[in-house]
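Student: Take this structure, written in structure tokens, and hold onto it; I'll ask about it next.
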Amino acid sequence: MKTSRSKYYNASRSSLPFEDGMGKVVAADVTDVQEETAVLVGIITPQQNERKTTEYLDELEFLAETAGARTVKRFTQKMNGPSSITYLGVGKLQEIRQWIEQEEDAERTVSMVIFDDELSAKQLRNIEAELKVKILDRTSLILDIFAMRAQTANAKTQVELAQYRYMLPRLQRLWTHLERQRGGAVGLRGPGETQLEMDRRIILNRMALLKERLRDIDRQKTTQRSNRGRMIRVALVGYTNVGKSTLMNLMAKSDVFAENKLFATLDTTVRKVIVDNLPFLLSDTVGFIRKLPHDLVDSFKSTLDEVREADLLLHVVDISHPDFEDQIQVVEKTLADLGCAEKPSMIIFNKVDAYRWTEKDADDLTPAGKENISLDDLIRTWMTKLSGQCLFISATRKTNYETLRQVLYNKVRELHVQKYPYNDFLFEKYEE
Ligand SMILES: Nc1nc2c(ncn2[C@@H]2O[C@H](COP(=O)(O)OP(=O)(O)OP(=O)(O)O)[C@@H](O)[C@H]2O)c(=O)[nH]1
Ligand SMILES: [Mg+2]
């Protein structure tokens with residue numbers, strides 16, 4: 001079996017982050033693990049019914065898998081809202097602890113418990129004390145995947161900054177934990193606190209450095225963008241894993257990394273695309289997700305500038321995903337947060353080839369669910385809803401690809417004439 005270095009920072013075993021020679025704070029110790037296994041936890045509340053929670057946990061499982069951990073069990077609890085002290089009820093936590101102990105007795109290790117919502121420092125500390133395994137939440141898991149995916153200096157800097165932003169308010173937890181391991185509860189006020197202050201200062205310094213670096217990158221990118229000439233800029237946006245990069249590759253004949261994992265793309269790629277005689281710029285960027293950590297959105301400002309400055313947004317949707325309607329809302333909400341709600345945009349429903357539905361028997365009188373809607377009916381509904389401002393395609397099978405090109409041509413041309421009325425470049429025969 002493959003032995004890999006665990007990517008996870010193990011708070012219960014390791015010592016604290018320390019500064020390396022370059023002023024960078026690194027986790028001091030990682031544990032060797034054969035295969036990491038995860039237990040997932042979510043709550044069912046009046047605002048989030050059982051079906052929703054299941055969908056969230058499905059997604060959390062996909063995130064865990066992307067990060068390299070296999071899910072072995074899920075726990076849910078019905079409650080009015082999360083407890084500010086332990087997130088779950090105490091009884092539920094004990095139930096999870098017992099289950100973990102049973103597993104350990106059977107010589108099966110549980111590497112981590114992942115909570116579907118962001119945990120406060122206090123919740124983390126209490127849960128960790130009770131469960132005695134590594135605890136992650138959706139945010140730290142997403143940050144971990146981002147760290148794994150980051151390729152360029154820009155993406156790496158942005159992720160590192162987001163990680164420190166997440167870590168800073170939670171530092172105390174690590175110290176408390178360490179003191180407990182040493183068996184001294186009182187010691188917290190002594191050297192521990194000094195050390196905590198030192199750690200905090202090291203991290204704050206590092207964050208200042210990263211921010212400065214990002215400002216430099218930002219300046220460079222702004223210059224690059226202003227040198228791109230008079231071309232309409234189109235940005236592919238959408239939920240993660242919907243097929244943005246696949247579509248980019250198809251249109252720009254490029255070779256952007258695309259795969260069936262979450263957050264395959266972190267960096268923005270921009271390509272010149274020519275439809276007939278019309279050139280424009282097409283960009284592919286990071287996908288959105290539910291409960292996207294706010295720190296991450298802030299840290300990814302320069303990557304998302306591409307979206308902010310686009311003239312037209314192509315919102316790609318995976319119509320074969322059971323939650324695609326929810327995903328549309330998440331993307332629209334994120335776009336609004338970015339100040340892009342009013343931008344011209346178009347919805348591209350992708351993966352029509354993968355759409356599945358079950359026809360109801362004529363004598364089945366139960367109300368039709370969303371799994372009983374045929375593709376044709378779905379298309380009709382959305383065409384009406386969006387007054388025709390949408391397209392249904394398959395990027396892998398090229399279904400309706402010609403229509404997409406035609407629609408884009410008209411749209412980009414219209415925008416071009418508005419934006420650069422005296423630019424005759426548009427109507428020349430364009431030679432590549
Ligand atoms: N069946 C089917 N699969 C598709 C289609 N388009 C893309 N895919 C698959 O969907 C998966 C995700 O595609 P990507 O292009 O990486 O998606 P993305 O939106 O760029 O994802 P992130 O970069 O992770 O946000 C890949 O496995 C693609 O092969 C399609 O039209 N039909
Ligand atoms: Mg991608």
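The values are calculated or read from the model by the stated rules, or taken from the named source; none is laboratory data. As the structure is a computational prediction, the values presented were derived from the model and not from experiment. Heads up, the Cβs are rebuilt from the backbone with ideal geometry, glycines too, and the neighbour counts pull from every protein chain shown.
Student: Could you run through segment 351-378 and say how many residues are more than 23 Å from Met248 (Cα to Cα) and outside any loop (DSSP other than H, G, I, E, B)?
Tutor: The total comes to 7.
Student: Only one of Leu236, Leu247, Leu335 is assigned to a helix (DSSP H, G or I), of a type in the set (A, V, I, L, M) and touching a helix residue (DSSP H, G or I) at 6+ places or on another chain (Cβ under 8 Å); which? Full working, then the answer.
Tutor: Values: Leu236 fails: assigned to a helix (DSSP H, G or I); Leu247 fails: touching a helix residue (DSSP H, G or I) at 6+ places or on another chain (Cβ under 8 Å).
Only one candidate passes the filter, namely Leu335.
Student: Can you find a residue in segment 213-227 that is more than 26 Å from Thr265 (Cα to Cα) and either basic (Lys, Arg) or touching a helix residue (DSSP H, G or I) at 6+ places or on another chain (Cβ under 9 Å) (or both)?
Tutor: no
Student: Under 9 Å between Cβ atoms, at least 6 apart or on separate chains: pull out the pairs that start in segment 258-281 with a residue that is polar (S, T, N, Q) and end on any residue that is near ligand 1 (Cβ under 6 Å from one of its atoms) and not in a strand (DSSP E or B).
Tutor: Note: pairs meeting the criteria are Asn260/Asn241; Thr265/Thr240; Thr265/Lys244; Thr265/Ser245; Thr265/Ala258; Thr265/Gly287; Thr269/Ser245.
Student: Same structure, new question: Among the residues of segment 225-235, are any within 23 Å of the chain's Cα centre (by Cα) and more than 7 Å from ligand 1 (Cβ to nearest atom)?
Tutor: yes
Student: Among all residue pairs at least 6 apart or on different chains, which show Cβ distances below 9 Å where the first residue, located in segment 65-77, is outside the structural domain of Lys92 (by TED's automatic domain parsing) and the second is at pLDDT 95 or above?
Tutor: none
Student: Oh, and also: Filter segment 121-162 down to residues that are farther than 14 Å from Thr66 by Cα, among the aliphatic types (A, V, I, L, M), in contact (Cβ under 8 Å) with a residue 40 or more places away in the chain and in a helix (DSSP H, G or I), then give me how many there are.
Tutor: Within segment 121-162, residues that are farther than 14 Å from Thr66 by Cα, among the aliphatic types (A, V, I, L, M), in contact (Cβ under 8 Å) with a residue 40 or more places away in the chain and in a helix (DSSP H, G or I) number 9.
Student: Among the numbered conditions (1) in a helix (DSSP H, G or I); (2) touching a residue at least 12 places away in the same chain (Cβ under 8 Å), tell me where Gly91 comes up short.
Tutor: (2)
A quick yes/no check of all residues on (1) part of a loop (DSSP other than H, G, I, E, B); (2) aromatic (Phe, Trp, Tyr); (3) without any contact (Cβ under 8 Å) to a residue 60 or more places away in the chain; (4) within 30 Å of Glu259 (Cβ to Cβ):
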residue: Phe349; (1), (2), (3), (4): no, yes, yes, yes
residue: Arg397; (1), (2), (3), (4): yes, no, yes, yes
residue: Arg405; (1), (2), (3), (4): no, no, no, yes
residue: Tyr422; (1), (2), (3), (4): yes, yes, yes, no
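Student: Just name the residue that is surrounded by the most Cβ atoms within 10 Å (Cβ to Cβ) out of those in segment 382-395 that are of a type outside the set (A, V, I, L, M, F, W, C) and either within 16 Å of ligand 2 (Cβ to nearest atom) or in a helix (DSSP H, G or I) (or both).
Tutor: Looking at residues that are of a type outside the set (A, V, I, L, M, F, W, C) and either within 16 Å of ligand 2 (Cβ to nearest atom) or in a helix (DSSP H, G or I) (or both), I get Lys385.
Student: So is Val331 within 16 Å of ligand 2 (Cβ to nearest atom), β-branched (Val, Ile, Thr) and closer than 20 Å to Thr384 by Cβ or not?
Tutor: no
Residues are listed down the side, and each one gets a yes or a no for (1) within 29 Å of Asp117 (Cβ to Cβ); (2) within 16 Å of ligand 2 (Cβ to nearest atom); (3) not basic (Lys, Arg):
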{"position": "Asn249", "(1), (2), (3)": "no, yes, yes"}
{"position": "Val256", "(1), (2), (3)": "no, yes, yes"}
{"position": "Val297", "(1), (2), (3)": "yes, no, yes"}
{"position": "Phe300", "(1), (2), (3)": "yes, yes, yes"}
{"position": "Leu304", "(1), (2), (3)": "yes, yes, yes"}
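Student: Please work out if Val297 is near ligand 1 (Cβ under 8 Å from one of its atoms), under 30 Å from Asp137 (Cα atoms) and in contact (Cβ under 8 Å) with a residue 12 or more places away in the chain.
Tutor: The answer is no for Val297.
Student: Of (1) aliphatic (A, V, I, L, M); (2) in a helix (DSSP H, G or I); (3) in contact with a Leu (Cβ under 7 Å, 6 or more places away or on another chain); (4) away from ligand 1 (no atom under 15 Å from the Cβ), Val273 satisfies all except one. Which?
Tutor: Result: Val273 fails condition (2) only.
Student: Please enumerate the residues belonging to segment 283-294 that are away from ligand 1 (no atom under 13 Å from the Cβ) and touching a residue at least 12 places away in the same chain (Cβ under 8 Å). Write out each step before concluding.
Tutor: Going residue by residue through segment 283-294, those that are away from ligand 1 (no atom under 13 Å from the Cβ) are 290-291, 293-294.
Passing the criteria: Arg290, Lys291, Pro293.
Student: Still on this structure, I have one more. Criterion first (within 16 Å of ligand 2 (Cβ to nearest atom), under 23 Å from Thr222 (Cα atoms), touching a Ser or Thr at 6+ places or on another chain (Cβ under 8 Å) and outside any strand (DSSP E or B)) does Leu262 satisfy it?
Tutor: Working: within 16 Å of ligand 2 (Cβ to nearest atom): yes; under 23 Å from Thr222 (Cα atoms): no; touching a Ser or Thr at 6+ places or on another chain (Cβ under 8 Å): yes; outside any strand (DSSP E or B): yes.
Here the answer is no, as Leu262 does not meet what is asked.
Residues checked against (1) farther than 24 Å from Ile328 by Cα; (2) more than 16 Å from ligand 1 (Cβ to nearest atom); (3) at pLDDT 85 or above; (4) out of contact with any Pro (no Cβ under 8 Å at 6 or more places or on another chain):
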| site | (1), (2), (3), (4) |
| --- | --- |
| Gly339 | no, yes, yes, yes |
| Leu365 | yes, yes, no, yes |
| Phe392 | no, no, yes, yes |
| Lys419 | yes, yes, yes, yes |
| Lys429 | yes, yes, no, yes |
